[in-house]
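To keep things clear, I will list the structure first and then write my remarks on it.
Quick note: the coordinates plus some simple rules give every number you see, no bench work behind them. A quick note: this is a predicted structure, and the numbers were derived from the prediction, not measured. Positions of Cβ are generated from backbone atoms using ideal geometry, with glycine treated the same way; all protein chains shown enter the neighbour counts.
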Amino acid sequence: MSDRQPNEKPVVRGADGSESAYVESQVIMSTVRVIAPFSLTYGFFLLFHGADSPGGSFQGGAIIGATVLMIAFAFGIESTRNWLRNRTVVVLAAGGAAMFALVGLIPMAYGANFLEHPFYHEQFGIKTKWGLEAIEALGVAPIVAGVVSGLFFVIAAGALPATEEVSEDD
Amino acid sequence: MVSAFGIALFGFVLATALATALLRDILAVIIVFAAYSLGMALFYAFLLAPDVAMTEAAIGAGVTTLLLLLTIATTVREEPGIAIERPNLPALVVFGGLLVVMIGTVTQFPALGSRNAPVWSNPEVTQYYLEHSYKDTKVHNAVTAVLAGYRGFDTFGEAVVVFAAGISTLVVLGREVFTRE
Amino acid sequence: MSELLPALLIVLPIVGATLPLGVGLLRENVGWSIAALVLSVEAGLAAWLAAAVYGGEGAARIVHVLGGETFGRRGATENFVVGIELVADAFSGLMVLLVAGVALAVLAFARRGGPRGNAFYSGYLLLTGGLMGLFLTGDLFNLFVFLEIVGLTTYGLVASDRDAESAVAALKYLVIGTTGASLYLLGVGYLFLRTGALNMVDVSRSLAGEPEWIDGALYGDPLVLAAFGFIAVGLMTKAAIYPLHTWQPDAYAAAPDAVTVYISALVSTGGAYAFARVTWTVFTSEFFAVGQNARILELVIVLACLSVVLGSGLAAMQRRLKRLFAYSSVSQFGLIVIGVCVAVHPAGGTQATRLAVYGVVIHLLGHGLVKGGLFATVGALAHGTGARRVREYAGLAKRRPFLSGSLAVLGLAIVGVPPTIGFLGKWYLAVGALNTRLWPVIFVVFASTLLTLLYVARLLEKLYFDGPAEGAAPAAGPEPEGPGAPGGADGAVITDGAGSLSYGMIALAVSAAVLTVLLGFAGSALTDAAQPIAQAVIEAAPEVSAGG
Amino acid sequence: MTPAGTGVAPVAFISAELVTDVFLGTATVFILLVVAMFYRVVKGPSTQDRVLAVNVLGTNTVVVLALLAAALGEPSLLDIALVYALLNFLMAVAISKFTVERGGVL
């Protein structure tokens, strides 16, 4: 690699032009409008088909999260955040973790072990397979989708100034 | 032909990894890193680990790139004065040491795809999975059976790792984002 | 019933961690109450588990097979585990008690002094759950998963003050800590490549060449040697051993006070525990008795000795209290790593191993308690008076007698003055090294004790015998909130109590001091508790089973 | 390696190995093209060059994955190709928006 510096590229700065910098682009918006339903469906396909083919909840959840990101890129983060309310993201992430634990804990309530899927078959006649599907679809996928989109919104919003919350009220 | 493909792919991954480490301009590094992810996903696919390849494709190439871009968009980015990072001596020494150890030990590895490798031949773990996973779970993909069944607790832990990453980001950025609606 | 406890201890805080966010949608500032509730239950469960482990004759080995019969251990115990096991034995039982106790106690500090907000307490509970998993798991890969949970949440909590200094410290910790965890993972990968197993006991049996599909012991295998190297370096990074310690002083000094108390007591302890666990349970003393393998051990001992000396030396040079005690941690973990190595060193006999194991267990426990208590005291003094530097401590004893008293007691415990638990740990470690005839180690321990005495004595002298000098009055008031705040402005008015000192903080500091002394008298009970661990290390048995 | 599941019915005088080799050989050529294209990613000089180059890389990857799927007889690799095609688009959108809007991806 030569020492010639590729410095002629446009100076890219982002400190000042934060949220107002969004520019509508008809091309991107209409392309995303076409693609987003497909990628969302594909995410769900991976998620539910993981038991029989490569892929699974982690990948599926990531694709679903990426779809949200795609929409946010095309239509602007603020409007996406309004559409997908913060509550949804929290419920996905925290709810997913809680659901995963719950699927594991229910057998323990009956004295079986944590995540003992065959217990569901013995006690309720639910096939073992559905236990596996449950932690994948109810646990991992929502966490991944929620955290991916949540991270996106949080990072886009940036840090709060430090002084605001370290107040001495109690 | 298999080895020719492997060597070409390896060359590409090595080039992208070096470029990621050495380029100075952050935006360029992010783009190069995405290319590295592409190469790694191809590698996993080539080694017949489609689940890992898909994860690398979805997370490494897709989500990570976007989050990194977003991060440099919301922070101040300085113009690098130089194009190529000048590696510093202690780092090179550590790197060299690690390289020697890795190359020295890699020669001891069982051959790729060897049926005698303990990882494969161990009758009480891997072979057990292959024999019993369908009987136990009625799931065709043995990887899913291991991930959600036999080693389900690891998956629980990894899901919590993802959750913890989200929480940590909230804590670091001081956001109670979700209480204001 | 007690078989369920290990899983519950891990899952409960994690479920609890989802609550502050979930309930936070409806109400603000519920985090502390939820954490207090969850951790109280957790402490009860931990006590129950400890009772189950130590209740009977000797120590029980309580195993929770995750996934039950189908997905965990199938049939007779000679078979390998196909899933993951959680194991509560004499070693992890003690550690679990420590985690539960400290986690609950630090909440008393965080009520007033800690960062607020629901996300913070989610992270706090996740960290507790991660530590529980770290101490209870019996699986090498699972250990990595919990190292990650502990690491990620700690990085976040260190930066929860959100000033520039703590952000940089957290970033440094993130980079170094993640590298350490990756090296550990690499080592585990090598072991897996050679044995095809991940359960600690099974890997240990495979290394010994027990199963018939492995021909002979693998102790001389280059991959296994490299695996120990990677794991040792990775976990020594987590335990902050020289020269991998650089993250620790920054992280401890820059974190909010409540977080410093917590992580100083538990997080590096987790790294040191993992190192001891892998060295003793997976590799066992037989690994080091083969060929030149003991040389690796001696290399680690040399690093640990450097850590001991440089840690105390650098501590003596610090002006800021939190940095001072952070460097002292580098030195104390050096001692623990020395003990871990001495216990399996082939030069030592049964007696040396026994003493070194006692030393490691007691010092891990004692250091957690003492260092947590010290940071709590320092934090409380800072909240009460604004003093964060050694010179600002002049004459503080008159104004804050209780806190100064506990600082004195805990400081002496760090030096290793009897009758404190600090003395017990150091004593056993030193005598263990003596029995192995590792003379340089004895010298190092002695030198570090002198250095420690130096800075503790200097501190106590300032505290008790120095009047507040004119012009060097402690900076007071709300200003020095961040650790980076310039302290000691000339002629600042002493406004006693910046308003954020609470009874919870004082109680925490004083009870830590009292407990340090009480446990100092409980030497025989502690060695009894550690006896089964020593027995297992002596027999090179992969399982710590009932005392024999 | 048998080409079972590739859907390629070997004609009598074309052996299965030959088919595999042809697919793998083509994939190797594509990888070499990728390496050549990577020069543009590193060199730049402008971000637009890089975006375009990395997009070509992505498309090439999809092709290579499809060829691998045929060569190794693993149709499941096509799923990865699909994921890649989707995310490659997303990446191109993100980077170009980043460039055009001078750092404001939002």
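Volume per residue for the protein assembly as shown equals 166 cubic angstrom (convex hull of Cα atoms). Against chain C, whose longest principal axis is taken from its Cα atoms, helix C:401-415 shows a tilt of about 40°. Close amide H contacts of C:Gly196 (hydrogens built in the peptide plane, cut-off under 5 Å, sequence separation of 5 or more or a different chain): B:Val119. Each residue of region C:295-304 is assigned a 3J(HN,Hα), and the resulting list reads 4, 4, 4, 5, 4, 4, 4, 4, 4, 5 Hz, derived from the Karplus form 6.51 cos²θ - 1.76 cosθ + 1.60 (θ = phi - 60°), x at Gly and Pro.
Neighbouring Cβ atoms from other chains, within 10 Å of the Cβ of residues in B:123-130, number 5 on average.
Per residue of the protein assembly as shown, the DSSP helices (runs of n ≥ 4 H) give a summed -39500 (n - 2.57) that works out to -23000 deg cm²/dmol at 222 nm.
For region C:1-143, the calculated P(r), taken from all Cα-Cα distances in 10 Å bins from zero up to the bin holding the longest distance, is 12, 38, 30, 15, 4, 0 percent.
Pairs of lysine residues in chain C that meet both criteria, 8 or more places apart or on different chains and Cα atoms under 17 Å apart, total 6.
Annotation: amide H of C:Ala540 within the under-5 Å range of C:Ser285, sequence separation 5 or more or interchain, hydrogens built in the peptide plane. When +1 charges are put on Lys and Arg Cβ atoms and -1 charges on Asp and Glu Cβ atoms, the dipole computed for region B:1-88 relative to its Cα centre reaches about 100 debye. Rounded to whole numbers, the Karplus 3J(HN,Hα) couplings from phi for region C:511-521 are 5, 4, 5, 4, 5, 4, 6, 4, 5, x, 7 Hz, using 6.51 cos²θ - 1.76 cosθ + 1.60 with θ = phi - 60°, and x at Gly and Pro.
A simple rule links phi to the HN-Hα coupling: the Karplus curve 6.51 cos²θ - 1.76 cosθ + 1.60 with θ = phi - 60°, which for region C:17-28 gives 5, 7, 6, x, 5, x, 5, x, 5, 9, 9, 9 Hz, with x for Gly and Pro. The ellipsoid that matches the Cα gyration tensor of region B:91-159 has semi-axes, each √(5λ) in whole angstrom, of 33, 19, 8, with the longest given first. Compared with the dominant Cα axis of chain C, that is its longest principal axis, helix C:421-435 is turned about 40°.
Distance from the Cα centroid of region C:386-451 to that of region A:62-138 is 49 Å (rounded to whole angstrom). A Förster distance of 45 Å, applied to the separation of the beta-carbon atoms of C:Val290 and B:Ser3, puts the FRET efficiency at 0.75.
By definition, a body whose alpha carbon gyration tensor gives a ≥ b ≥ c is oblate when a/c is 1.5 or more and a/b is not larger than b/c, and chain B fits this oblate description.
Looking at region C:127-225, the GluC sites (Glu not before Pro) that sit in a DSSP loop and have at most 10 other Cβ atoms within 10 Å of their own Cβ are C:Glu212.
Amide H contacts under 5 Å for C:Ile84: C:Leu66, restricted to partners 5 or more places along the chain or on a different chain, H placed in the peptide plane at 1.01 Å from N. Using the alpha-carbon atoms, what tilt in degrees (0 to 90, nearest 10) does helix C:523-538 show relative to the longest principal axis of chain C? On a 0 to 90 degree scale, this one is about 40. Between B:Lys138 and C:Ala507, the FRET efficiency from the beta-carbon distance, with R0 = 60 Å, is close to 0.60. Take the Kirkwood radius over Cα pairs of region A:22-170, plug it into Stokes-Einstein at 37 °C and 0.692 mPa s, and you get 189 µm²/s for translational diffusion.
Taking the Cα centre of region D:16-99 as origin and assigning +1 to Lys and Arg Cβ atoms and -1 to Asp and Glu Cβ atoms, the resulting dipole is close to 540 debye. If the viscosity is 1.306 mPa s and the temperature 10 °C, what translational diffusion coefficient in µm²/s does Stokes-Einstein give for region D:16-99 when Rh comes from Kirkwood over Cα pairs? After rounding, the answer is 117 µm²/s. Stokes-Einstein diffusion coefficient for region B:1-88 at 37 °C in a medium of 0.692 mPa s, Rh from the Kirkwood formula over Cα pairs: what value in µm²/s? Using the Kirkwood radius from Cα pairs, D works out to 233 µm²/s.
Placing R0 at 35 angstrom, the Cβ-Cβ distance between C:Leu306 and C:Ala51 gives a FRET efficiency of 0.30 after rounding to 0.05. To the nearest 20 debye, what is the magnitude of the charge dipole of the protein assembly as shown about its Cα centre, counting +1 on the Cβ of each Lys and Arg and -1 on the Cβ of each Asp and Glu? Using Cβ point charges on Lys, Arg, Asp and Glu, the protein assembly as shown gives about 1520 debye. Across q = 0.06, 0.09 Å⁻¹, chain C modelled as identical point scatterers on its alpha-carbon atoms has Debye log10 I(q)/I(0) values of -0.27, -0.61, in the order of the q list.
Shielding of peptide A:27-34 by partners, expressed as the average count of other chain Cβ atoms within 10 Å per residue Cβ, is 1.
The mean count of C-beta atoms from other chains within 10 Å of the C-beta of residues in C:82-88, rounded to a whole number, is 5.
Here is the list for region C:8-110: GluC sites (Glu not before Pro) lying in DSSP coil, each with at most 11 other C-beta atoms within 10 angstrom of its C-beta, are C:Glu57, C:Glu78. For region B:28-128, GluC sites (Glu not before Pro) meeting the loop criterion (DSSP other than H, G, I, E, B) and having at most 15 other Cβ atoms within 10 Å: B:Glu78, B:Glu85. Shape analysis of region C:101-142 yields a ratio of the Cα radius of gyration to the Kirkwood radius, Rg/Rh, of 1.10.
For region C:352-445, the square roots of the Cα gyration tensor eigenvalues, ordered a ≥ b ≥ c, give a/c of at least 1.5 with a/b greater than b/c, which places it in the prolate category.
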